[in-house]
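The values are calculated or read from the model by the stated rules, or taken from the named source; none is laboratory data. This structure is a prediction, so every number in the text was calculated from the model and none was measured. Here the Cβ positions follow ideal geometry from the backbone for every residue, glycine too, while neighbour counts run over all protein chains shown.
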Amino acid sequence: MKQIKVLVVILFLLLIVVLSVQNYAALSTTINFRANLLFLNYQTADLSIFLIAVVAFLFGVMVIWFFGLSERFSFKRQIKALMKDVKSNEMELNSLRNLPVITEDISSGGDVSPVSPPVNA
């Protein structure tokens, strides 16, 4: 399974390289962002589209990594609670296994018929 993941990552990176080489002219175009608000007038320096795409990709990777990390911690907490429950259940099972065996006197003879209630006539 690990080899398949590595293969998929390599193919994905190869696809990115091929697309960026084929679209070099379009990706090297520079643009700038402007924010003209009532209280703020801001303009960035010229940035290439390739740089913007890389930064957006890395930002997405970091966001997904953060959510994955939070989910991992949640699963670890859940596993810890379940392991605590398993340990208490095992202790209960062991205590039930260690109860003394009670023997009943079976020397009275054979069948034990159920007792029926008296019939009122």
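Among the residues of segment 27-75, which ones are polar (S, T, N, Q) and either within 29 Å of F12 (Cα to Cα) or in a loop (DSSP other than H, G, I, E, B) (or both)?
Answer for segment 27-75, where residues must be polar (S, T, N, Q) and either within 29 Å of F12 (Cα to Cα) or in a loop (DSSP other than H, G, I, E, B) (or both): S28, T29, T30, N32, T44, S48, S70.
Could we say that F59 is at pLDDT 95 or above, more than 15 Å from the chain's Cα centre (by Cα), surrounded by 10 or more Cβ atoms within 10 Å (Cβ to Cβ) and closer than 30 Å to T30 by Cβ here?
So F59 fits the description; yes.
Scan segment 10-20 and give yes if some residue there is in contact (Cβ under 8 Å) with a residue 12 or more places away in the chain, part of a helix (DSSP H, G or I) and not aromatic (F, W, Y), otherwise no.
Scanning segment 10-20 turns up at least one residue that is in contact (Cβ under 8 Å) with a residue 12 or more places away in the chain, part of a helix (DSSP H, G or I) and not aromatic (F, W, Y).
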